[in-house]
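Single-structure report; data block below.
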Amino acid sequence: MMPDTGIKSIILTQGCLYGYTTAFNITNGNASYSHGPVERTLLGAGVFVSSTFIGLIPHLFQMKYPLNNFWLKRTLPIVFLAQVSGMNVFASRSFENHRGIEVMDKEGHVVGHSRKAGRKAIKDTAKSRAVLFGTSALAPELFIHIFKRTRFYPQTLLSLVILRMSSTFFTMGLMVPVSFSMFPQIGQIQCSQLEEKIQSSTEEKELFYYRGV
């Protein structure tokens, strides 16, 4: 079991990470549905607490049951990070799924609100977020593992921390534009895939919606 300072450090790190991502996802989602500030605040608080708790699970598990396998020990938190990052998008933007988002024709005229379009927008964004955080966490681990075999590997803890942080920020800097460009900001969806009410209100074959970031 790690000392309390280690536990507090992990909780603080997870809290800062999911506090930021929750606020980012809510702020940069599609807000064309009806909503109020109170319900969005309550939703954000719930998502923040649950995401932080789930993100702590692999770390708490390793404290109680230390893993001997190197790759399992390193990849377990990364898998959880990618999964929770995607789940955070689903939870933070759940109103889009339940209340629907605006769908527009090619001229930008709003045809109606669609839950199915909201579900697709959330799903695509969750995939890109999982790729962003999963790759940004995995690549530095692989780099450090390979770098250990060279004579340039730092011998001090401070140098190792700096190297790990630098490689993490470098990877994330490369992955941010990649993940954001995986799906276009203005998504397209076939009208036949939407609700019957929307299908009956337009003759367009393809409609558009704002996916969010």
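Before moving on, here are some points about what is shown:
- Residue check, residue 17 of a type in the set (A, V, I, L, M, F, W, C), surrounded by fewer than 18 Cβ atoms within 10 Å (Cβ to Cβ) and modelled with pLDDT of 90 or more: no
- Flag if residue 102 is within 27 Å of residue 30 (Cα to Cα), surrounded by fewer than 14 Cβ atoms within 10 Å (Cβ to Cβ), among the acidic types (Asp, Glu) and out of contact with any Lys or Arg (no Cβ under 7 Å at 6 or more places or on another chain): no
- Lone qualifier among 116, 148, 127, 120 - being in contact with a strand residue (DSSP E or B) (Cβ under 7 Å, 6 or more places away or on another chain) and either modelled with pLDDT under 90 or not polar (S, T, N, Q) (or both): 120
- The set of residues from segment 106-156 being more than 30 Å from residue 210 (Cβ to Cβ) and among the acidic types (Asp, Glu) comprises just one member, 141.
- Condition check for residue 136: under 30 Å from residue 196 (Cβ atoms), polar (S, T, N, Q) and at pLDDT 90 or above: no
- Taking segment 16-45 as the range and being more than 15 Å from the chain's Cα centre (by Cα) and either within 20 Å of residue 119 (Cβ to Cβ) or among the β-branched types (Val, Ile, Thr) (or both) as the test, the residues that pass are 30, 31, 32, 33, 34, 35, 38, 39, 40, 41, 43.
- Check on residue 81, within 25 Å of residue 11 (Cβ to Cβ) and in contact with a Leu (Cβ under 8 Å, 6 or more places away or on another chain): no
- Filtered by the rule that a residue be aliphatic (A, V, I, L, M) and surrounded by fewer than 17 Cβ atoms within 10 Å (Cβ to Cβ), segment 165-179 gives 165, 174, 176, 178.
- The condition of being out of contact with any strand residue (DSSP E or B) (no Cβ under 7 Å at 6 or more places or on another chain) and either among the acidic types (Asp, Glu) or surrounded by fewer than 18 Cβ atoms within 10 Å (Cβ to Cβ) (or both) holds for only one of 88, 28, that being 28.
- Elements of type helices (runs of 4 or more DSSP H) contained in segment 1-105, each with 1 or more residues being under 24 Å from residue 144 (Cβ atoms) and touching a residue at least 24 places away in the same chain (Cβ under 8 Å): 4-27, 37-64, 70-92
- Every condition in (1) of a type in the set (A, V, I, L, M, F, W, C); (2) within 21 Å of residue 20 (Cβ to Cβ); (3) in a helix (DSSP H, G or I); (4) without any contact (Cβ under 8 Å) to a residue 60 or more places away in the chain is met by residue 138 except one, and the failing one is (4).
- Among the candidates 56, 81, 132, 160, residue that is under 26 Å from residue 171 (Cα atoms) and over 22 Å from the mean Cα position of the chain (by Cα): 160
- Top-ranked residue of segment 179-213 - restricted to ones that are part of a helix (DSSP H, G or I) and in contact (Cβ under 8 Å) with a residue 40 or more places away in the chain, ranked as farthest from residue 133 (Cα to Cα): 197
- Test: residue in segment 152-159 that is in a helix (DSSP H, G or I), in contact with a Ser or Thr (Cβ under 7 Å, 6 or more places away or on another chain), surrounded by 11 or more Cβ atoms within 10 Å (Cβ to Cβ) and on the phi < 0 side of the Ramachandran plot: no
The values are calculated or read from the model by the stated rules, or taken from the named source; none is laboratory data. From a predicted model like this one, the values you see are computed outputs, not experimental measurements. When we count neighbours, we look across all protein chains shown, and the Cβ atoms used for this are built from the backbone with ideal geometry, even at glycine.
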